[in-house]
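The values are calculated or read from the model by the stated rules, or taken from the named source; none is laboratory data. Source: prediction; values computed, not measured. Every residue, glycine among them, receives a Cβ derived from its backbone with ideal geometry; neighbour counts consider all protein chains shown.
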Amino acid sequence: MSKYLTLEQSIELHQKLLSLKKEIEDIINVSNESAKPVNLDEPIGRISRMDAIQVQSIAKATRENLILKSKQVDASLEDYRNDRYGICRMCSNTIAYTRLSARPESPFCLDCQSAIEKRAKR
Ligand SMILES: [Zn+2]
């Protein structure tokens, strides 16, 4: 285990990752239903059809976020097993415990994450 975390912290973060994984899997299973394509032949009014399309696109976006998050959780669990958990994938510095506690699946340290977000906005 990464030496900068205490044993308690590392156990706590591992627990968080495991429950996060379960939580995400549950939501993905439920949202499979609402992400189904809208059947335009169904006899529903114009407005409710637009609502249905909107709900569907929100469900799809949420689902894509969840799938990304679930991949990050899996990668973090993999890192955990390989004693690399909490190491930033970009700069190889350690990720602060406070950050991991809030987002245990974080693949990057705060500096790298801000740099990525800045780049994405351009
Ligand atoms: Zn970094």
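Worth a mention:
- Among the conditions (1) surrounded by fewer than 14 Cβ atoms within 10 Å (Cβ to Cβ); (2) part of a loop (DSSP other than H, G, I, E, B); (3) modelled with pLDDT under 95; (4) within 16 Å of the ligand (Cβ to nearest atom), residue 40 misses just one, which is (4).
- Residues of region 101-122 satisfying the condition of being in a helix (DSSP H, G or I) and more than 18 Å from residue 19 (Cα to Cα): 110, 111, 112, 113, 114, 115, 116, 117, 118, 119, 120, 121
- All told, residue 88 meets the bar of being within 9 Å of the ligand (Cβ to nearest atom), in contact with a strand residue (DSSP E or B) (Cβ under 9 Å, 6 or more places away or on another chain) and at pLDDT 95 or above.
- Of all the numbered requirements in (1) within 16 Å of the ligand (Cβ to nearest atom); (2) out of contact with any Lys or Arg (no Cβ under 9 Å at 6 or more places or on another chain); (3) among the aliphatic types (A, V, I, L, M), residue 61 misses one, and that requirement is (1).
- Taking residues in region 89-100 that are in contact (Cβ under 8 Å) with a residue 60 or more places away in the chain, and partners anywhere that are within 7 Å of the ligand (Cβ to nearest atom), the pairs with Cβ atoms closer than 8 Å and at least 6 places apart or on different chains are 94/88; 94/109.
- Residues in region 66-85 that are at pLDDT below 95 and hydrophobic (A, V, I, L, M, F, W, C): 3 in all.
- Scanning region 91-122 for residues that are more than 22 Å from residue 10 (Cβ to Cβ), within 14 Å of the ligand (Cβ to nearest atom) and not acidic (Asp, Glu) turns up 114, 115, 116, 118, 119.
- Summed over region 19-31, the residues that are surrounded by fewer than 15 Cβ atoms within 10 Å (Cβ to Cβ) and within 15 Å of residue 103 (Cβ to Cβ) give a count of 2.
- Residues in region 1-36 that are in a helix (DSSP H, G or I) and modelled with pLDDT under 75 were compared, and the one that is nearest to residue 54 (Cα to Cα) is 34.
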